[in-house]
Amino acid sequence: MAEEAKVRFLFRKTEHPGLRSSIEALKALETTGTAITYTTAANHIATVVSELPEVISKNTRNIFSIFQDDNDDTQGGTGIYNKDGSIKTAHISKWKSLPFKDRKAVIEERKRLGIRFQKKIRRM
């Protein structure tokens, strides 16, 4: 398969809405005469994929609790919500004092994102 055909095939088969602007930018470069190889296009798309919110939330570990102070939530916001309105999935300092419906919402969000916490093992 010719290099240009591979690139066109890659553009045609990439359907994620979060990648449309990236594909359009690559197509614009191609129309200006810039030669785009399949490897260059694939690497560019892979970089954009790694920055998608659903990929970030699945592949990062929540280490906020290490740096979190009882008076200051590093994620911002109040209660179970971040400043952007999303639900906090990291350590919540006053977990036991939260209403049941708030705790349930956090647990459901953690399940949706595939976040699991390991239980601490006490050794004697």
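Residue by residue, here is whether (1) of a type in the set (Asp, Glu); (2) at pLDDT 90 or above; (3) surrounded by fewer than 11 Cβ atoms within 10 Å (Cβ to Cβ); (4) within 30 Å of ARG112 (Cβ to Cβ) holds:
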| position | (1), (2), (3), (4) |
| --- | --- |
| LYS6 | no, yes, no, no |
| GLY18 | no, no, no, yes |
| ALA25 | no, yes, no, no |
| ALA28 | no, yes, yes, no |
| THR34 | no, no, yes, no |
| THR37 | no, yes, no, no |
| ALA41 | no, yes, no, no |
| VAL55 | no, no, no, yes |
Selection status of SER86, outside the structural domain of GLY18 (by TED's automatic domain parsing), at pLDDT 80 or above, hydroxyl-bearing (Ser, Thr, Tyr) and over 28 Å from LEU19 (Cβ atoms):
no
Restricting segment 1-23 to residues that are charged (D, E, K, R) and in contact (Cβ under 8 Å) with a residue 24 or more places away in the chain, the residue that is farthest from ALA42 (Cα to Cα)
GLU3
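The values are calculated or read from the model by the stated rules, or taken from the named source; none is laboratory data. No experiment lies behind these values; they were computed from the predicted model shown. Note: ideal-geometry Cβ built from the backbone for every residue, glycine included; neighbour counts use all protein chains shown.
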